[in-house]
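What follows is a single structure, written as structure tokens, with notes after it.
No value in this document is a laboratory result; all are computed from the given coordinates. Here the structure is a predicted model, which is why all the values come from computation and not from measurement. Reconstructed Cβ throughout: ideal geometry from the backbone, glycine too, with neighbour counts over all protein chains shown.
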Amino acid sequence: MWKFGNSFKYNFVGIAISVLAVTSLPATGETLTDALIDAYRNSNLLDQNRALLRAADEDVASAQSALRPTLDFVTSWSGAHPHRQIYSSLYNAGLSRDNFVATYQLQASMLLYAGGANRLTVESSKETVLATREALRSLEQSVLLGAVNAYMEVLRAKAFVSLRENNVRVLTQEKQATEDRFEVGEVTRTDVALAESRLAAAVSQLEAARGDLAVSRETFRTAVGRYPGNLEFPGALPKTAPSVEEAIRIGVRTHPEIRQAQRQVTVAELGMRLAKTNYKPTISASVTSQTDSENQDEEHYLSLNFTQPIYRGGAFAALERKAIAQRDSNRAILLQVTLGIEEQVASAWAFIESATAQIRASDLQIRAAQIAFDGTREEATLGARTTLDVLDAEQELLDARAARIDAIATQYVAVYSLLSAMGLMTVDHLNLGIQTYDPAGYYNSVKSAPARLSPQGQKLDRVLRKLGKQ
């Protein structure tokens with residue numbers, strides 16, 4: 001199987017590292033890597049789906065057990081009151097007697113031939129396990145991407161709070177300056193009212209930003225498993241691919257949803273073969289050893305059973321047609337999943353380009369808006385500009401800074417979304433440096449269907465106890 005490791009060397013071209021100019025974060029804060037590690041370790045969704053994978057592993061063990069003989073101990077008790085055979089001899093004595101007989105049996109049986117149905121069931125179970133592993137990999141990518149989204153949303157919300165707080169401070173100063181100018185007759189009451197109105201709107205926007213921050217903190221807690229600390233802004237953007245075409249090719253080869261769909265097609269094809277075995281005969285053998293408690297007689301029986309279905313009312317034909325329809329459905333799902341992954345890659349790439357261009361444009365807009373705001377405020381002190389002109393210039397500067405914050409956060413999320421669409425949003429590719437869950441560990445312990453008292457079964461018990469402590 002082709003595996004994409006940490007040696008991926010493609011570089012994403014044209015994206016510069018951006019920092020939030022309106023926030024000042026200490027160098028010893030919490031990093032995005034910390035959040036990703038905690039999200040991987042604390043995810044209840046991952047725990048749930050790991051348990052589902054272990055359940056699928058047990059289906060392989062169950063299928064394997066059908067290839068083996070079975071051994072049963074059977075006992076029964078029966079009798080009559082009074083016993084007819086001895087009743088006549090005891091009648092004259094005025095006595096009656098019960099006759100209860102215990103029978104003990106040891107039965108061994110085995111299905112010798114079932115048209116290949118049991119082995120096909122084993123193969124189908126193994127393919128289902130592989131498909132479930134890919135589903136787990138896909139969920140791991142979703143969990144990690146959710147952590148990135150939550151991390152950037154908290155940073156975005158904090159930046160907006162800082163921006164709104166700064167805006168309130170500036171407008172408070174503008175309001176005070178306007179009131180002072182009103183006192184000396186330089187401006188009218190209308191100018192004062194405009195300054196008060198803008199300040200009130202800024203306070204309202206600040207409270208809304210604080211509310212957004214509170215919401216983003218709760219989202220972070222759900223995604224990561226704890227509340228955010230003092231988050232640092234991420235450093236260099238991760239590497240992706242040199243072109244959108246290459247990114248699509250990688251995504252089609254490596255994305256776990258496509259691999260899962262491929263496995264499900266194989267399962268459906270095995271289901272077609274399994275449906276055809278219904279027409280074939282079955283041969284089974286059994287050995288029974290029986291002991292009668294009354295006579296202490298031992299009896300041994302050997303039986304060989306041959307069954308050939310002749311007519312089942314069309315049930316087998318219906319099952320075969322159903323299996324064919326399921327195969328066709330899974331093939332269509334595979335094609336649709338592939339198209340969806342290609343769309344995700346292309347969309348993420350477009351978001352990256354759009355966000356990068358928006359950052360460049362907002363940088364130019366901020367510089368121009370800052371010059372315009374400074375000039376308008378100076379001109380207002382000389383009476384050449386009105387208070388409304390100053391407030392409008394300040395709002396344009398605020399909007400430009402807000403657009404830059406949003407574009408930077410969008411850029412980071414888009415890059416990680418592209419990694420996810422390429423199937424590379426993994427612990428190994430991100431170099432998180434932590435121990436990952438081994439999906440094959442439990443499977444290797446149960447695939448041979450070990451008995452509880454066997455050495456393999458005792459080893460499995462230790463594995464289960466370890467899982468219960470996690």
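The modelled label-to-label distance between residue 297 and residue 72, using points 7 Å beyond Cα along the C-beta direction, is 2.4 nm.
The fraction of all Cα pairs in region 229-378 landing in successive 10 Å bins from 0 to the largest distance is 8, 16, 15, 14, 13, 10, 8, 6, 4, 2, 1, 0, given as whole percents. Would you please give the residues with an amide H less than 5 Å from that of residue 112, counting only those at least 5 places away or on a separate chain, with H modeled from the backbone geometry? Here the answer is 283, 284, 285, since their amide H atoms fall under 5 Å of that of residue 112.
Ordered by the count of other Cβ atoms within 10 Å of each Cβ, fewest first, 78, 347 give 78, 347.
When the convex hull of its Cα atoms is viewed from all sides, region 133-182 shows a mean projected area of 3.3 nm². Taking 0.36 nm per residue of separation and subtracting the current Cα-Cα distance, fully stretching the chain between residue 166 and residue 438 would add 93.0 nm.
Annotation: aspartates and glutamates with alpha-carbon distance below 14 angstrom to residue 280 (same-chain offsets under eight excluded): 320. Quick one: net charge around residue 356, please, counting Lys, Arg +1 and Asp, Glu -1 for every other residue with C-beta under 14 Å from its C-beta. With Lys, Arg at +1 and Asp, Glu at -1, the neighbours total -1. The HN-Hα couplings worked out from phi for region 334-348 by the Karplus form 6.51 cos²θ - 1.76 cosθ + 1.60 (θ = phi - 60°) are 4, 5, 5, 4, 4, 4, x, 5, 4, 5, 4, 4, 5, 5, 4 Hz, whole numbers, x standing for Gly and Pro.
By the scheme Lys and Arg +1, Asp and Glu -1, what is the net charge of all other residues having a beta-carbon under 13 Å from that of residue 56? Local net charge: +1.
When the alpha carbon coordinates of region 252-325 are projected onto the principal axes, the ranges are 73, 34, 16 Å, largest first. Amide H to amide H distances under 5 Å link residue 425 with 420, where only residues 5 or more positions off or on other chains count and H is placed in the peptide plane. Here r is the Cβ-Cβ distance between residue 210 and residue 372 and R0 is 41 Å; the resulting FRET efficiency, rounded to 0.05, is 0.90.
Of 442, 437, 113, 311, the sequence from fewest to most neighbouring Cβ atoms within 10 angstrom is 311, 113, 437, 442. The 3J(HN,Hα) values that the Karplus relation (6.51, -1.76, 1.60; θ = phi - 60°) gives for region 54-65 are, in residue order, 5, 5, 5, 4, 5, 5, 5, 4, 5, 5, 5, 5 Hz. Gly and Pro appear as x. As a proxy for reagent exposure, 122, 244 were ordered by neighbouring Cβ count within 10 angstrom, fewest first; the result is 244, 122.
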